[in-house]
Amino acid sequence: MWLLFAFLSSVFAALTAILAKVGIEGVNSNLATAIRTVVVVVLAWGMVFLTHAQKGIHDISRKSWIFLILSGLATGASWLCYYKALQMGEASKVVPVDKLSVVITLILAFVFLHEEFTVKTLIGCILIGIGTLFMVV
């Protein structure tokens, strides 16, 4: 089931890039990010209340709060940079560079989460890097 949701995530991410590129025309990138963020907040909290997940808010540990807040800050920084890059560059070039996050995530998961980093993972990272370079040059 995780594979289905991961695939749907990639489809929605692709739609995000195309819709954002069209929508950001003539709009300050920071303002566009703020508008997008409000929509995401409403959607996310809507899902929380729809599934009655708000009852679990008191069970969240201090450590989880800290890391969720840090993750939110990283997301905000990512979105601000992404929209600025999208405003300045072509979507077909910005998006592949943004997707280098896959390589960075694999490396960080190995270093900080002690996840397995195999020869296959290394080859995949190299190919993603080469593919990204090939697409943007």
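For segment 99-116, does any single residue satisfy the condition of being under 19 Å from GLY23 (Cα atoms) and in contact (Cβ under 8 Å) with a residue 12 or more places away in the chain?
Checking segment 99-116: not a single residue is under 19 Å from GLY23 (Cα atoms) and in contact (Cβ under 8 Å) with a residue 12 or more places away in the chain.
It is to be established whether one or more residues within segment 82-90 are among the hydroxyl-bearing types (Ser, Thr, Tyr) and closer than 30 Å to LEU127 by Cβ.
yes
Name the single residue, out of those in segment 75-114 being over 19 Å from ALA14 (Cα atoms) and not in a helix (DSSP H, G or I), that is farthest from the chain's Cα centre (by Cα).
HIS114
For segment 1-59, what are the residues that are among the polar types (S, T, N, Q) and in a helix (DSSP H, G or I)?
Once the filter is applied, which keeps residues that are among the polar types (S, T, N, Q) and in a helix (DSSP H, G or I), segment 1-59 yields SER9, SER10, THR16, SER29, ASN30, THR33, THR37, GLN54.
Would you pick out the residues in segment 73-98 that are touching a residue at least 40 places away in the same chain (Cβ under 8 Å) and of a type in the set (A, V, I, L, M)?
Within segment 73-98, LEU80, LEU86, ALA91, VAL94, VAL95 qualify.
Would you pick out the residues in segment 108-130 that are exposed (fewer than 13 other Cβ atoms within 10 Å of the Cβ) and closer than 22 Å to ALA85 by Cβ?
LEU108, ILE130
Is there any pair linking a residue in segment 53-72 that is over 19 Å from THR105 (Cβ atoms) to one that is surrounded by 10 or more Cβ atoms within 10 Å (Cβ to Cβ), with Cβ under 7 Å and at least six apart or on different chains, and which?
GLN54/VAL48
Residue pairs, Cβ under 6 Å, 6 or more apart or interchain, first in segment 14-33 and more than 8 Å from TYR83 (Cα to Cα), second β-branched (Val, Ile, Thr). List them.
Every condition considered, the pairs that remain are ALA17/VAL95.
Any read-out appearing in this document is the output of simple, stated calculations on the displayed coordinates, not a laboratory observation. Here the structure is a predicted model, which means the values were calculated and not measured. As a convention, Cβ positions derive from the backbone with ideal geometry for all residues, glycine included, and neighbour counts pool all protein chains shown.
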